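The values are calculated or read from the model by the stated rules, or taken from the named source; none is laboratory data. None of these values were measured; they are calculated from a predicted model. Neighbour counts run over all protein chains shown; Cβ positions are idealised from the backbone, glycine included.
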Amino acid sequence: MGKEEGIMDWSRIKTIFILSFLVLDFYLVYQFMNTKNEANYELLKEVKIEDKLKNDEITYKELPEAAQKERYLSVKPKEFSKEESKQQTAGNAERTSLRVTLEKPIKLSGKFESSELGPFIKGFVPYGDDYQFWEKDDHSKTIVYFQQYQGKTFYNNLNGKLTFHYNDQNEVYAYDQTYLEVQEELAERQEVLPALSAIDTLYKKGLLKPKSKITNVKLGYSTLVQLTASQVLAPTWRIEVDNKENLFVQAFEGQVIQFGNEENKTTE
């Protein structure tokens, strides 16, 4: 092989190497951009829950602010004192619940408003200021209030509940009461799941039907751990749908909560 031929072969080899590296570079750039676009697309899908709701015609009002920090609560049922339970007509030995029959029944209006019982609750019921109206049930003929702490309701908690009973004449004749004492706020404050993320959780599980309307979103507490003499409560989002259905999402871990048989059941 001549010197000139060797130089030409080496030049061709260098050219092939350069072209190969260029092709490889183009391929790697293409793969990188493709992967990046896919990642951005996935992120976009996760972020745009608003678009998912809009496409299904699911509407909602202004949501509570996103940045909140809360703690777990340790609570226990209160034993009412003799003074607090002097009007009691039935109850248990530990006095953790009261049953009071009214000497003079309270007449309700035809179209009930929770404010009708407000003066009685504040004036005669122990710790009356700590209860928030929940519902009036014409089937069981009861009017239910749940206890609250710093403006946050203890959702579906039988140990922090005020229940009025009324008759066919629309007269309140008795009430049952339980009350939870807050022992302490546990651990450090943690950021809660934004309200929109809680709604997203319900959407992904198929719990929000198309064309439904989210009519109220509020942060409260539900029972995380039920012990013999106490409970641990966790911050919980209540999402009200169409003014009638209540859905609950634990605000730290994001599990959907189903209430039943005096305990909370969570679904992943």
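Looking across region 241-257, the residues that are in contact with a strand residue (DSSP E or B) (Cβ under 7 Å, 6 or more places away or on another chain), surrounded by fewer than 16 Cβ atoms within 10 Å (Cβ to Cβ) and in a loop (DSSP other than H, G, I, E, B) come down to D242, N243. Every condition in (1) farther than 30 Å from Y72 by Cβ; (2) in contact with a strand residue (DSSP E or B) (Cβ under 9 Å, 6 or more places away or on another chain); (3) hydroxyl-bearing (S, T, Y) holds for S109 except the one numbered (2). The residue list P210, P119, P126 contains one member that is more than 18 Å from V75 (Cβ to Cβ), of a type outside the set (G, A, S) and in contact (Cβ under 8 Å) with a residue 12 or more places away in the chain, which is P210. Note on region 213-228: residues that are closer than 30 Å to K76 by Cβ, of a type outside the set (A, V, I, L, M, F, W, C) and modelled with pLDDT of 95 or more total 6. If we scan region 179-191, do we find a residue that is crowded, with 17+ Cβ neighbours inside 10 Å and under 26 Å from L102 (Cα atoms)? The answer is yes; a qualifying residue exists. Being within 30 Å of F124 (Cα to Cα), among the β-branched types (V, I, T) and touching a residue at least 24 places away in the same chain (Cβ under 8 Å), is that true of even one residue in region 159-181? Yes - at least one qualifying residue is present in region 159-181.
Yes/no per residue for (1) assigned to a strand (DSSP E or B); (2) surrounded by 17 or more Cβ atoms within 10 Å (Cβ to Cβ):
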site	(1), (2)
R95	no, no
T101	yes, no
P105	yes, no
K111	no, no
E116	no, no
K122	no, no
E135	yes, no
T153	yes, yes
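Just so you know, in region 229-240 the residues that are of a type in the set (S, T, N, Q) and at pLDDT 95 or above include one that is surrounded by the fewest Cβ atoms within 10 Å (Cβ to Cβ), and it is Q231. Checking N170, N243, N159 one by one, the residue that is touching a Leu at 6+ places or on another chain (Cβ under 6 Å), on the phi > 0 side of the Ramachandran plot and not aliphatic (A, V, I, L, M) is N170 and no other.
Listed conditions (1) modelled with pLDDT of 95 or more; (2) more than 20 Å from the chain's Cα centre (by Cα); (3) β-branched (V, I, T) are all met by T89, apart from (1). Being part of a strand (DSSP E or B) and closer than 21 Å to K244 by Cβ is true for just one of V144, V182. Which residue is that? Criteria check complete, one pass: V144.
Kindly check whether there is at least one residue in region 65-82 that is at pLDDT 90 or above, under 30 Å from D200 (Cβ atoms), assigned to a helix (DSSP H, G or I) and within 35 Å of the chain's Cα centre (by Cα). Scanning region 65-82 turns up no residue that is at pLDDT 90 or above, under 30 Å from D200 (Cβ atoms), assigned to a helix (DSSP H, G or I) and within 35 Å of the chain's Cα centre (by Cα).
So, of the residues in region 229-240 that are over 17 Å from A195 (Cα atoms) and in a strand (DSSP E or B), which turns out to be farthest from the chain's Cα centre (by Cα)? In this case the residue turns out to be Q231. Kindly indicate whether E62 is under 20 Å from I239 (Cα atoms), without any contact (Cβ under 8 Å) to a residue 12 or more places away in the chain and part of a loop (DSSP other than H, G, I, E, B). So E62 fits the description; yes. Could we say that K218 is assigned to a loop (DSSP other than H, G, I, E, B), in contact (Cβ under 8 Å) with a residue 24 or more places away in the chain and not aliphatic (A, V, I, L, M) here? Answer is no for this residue.
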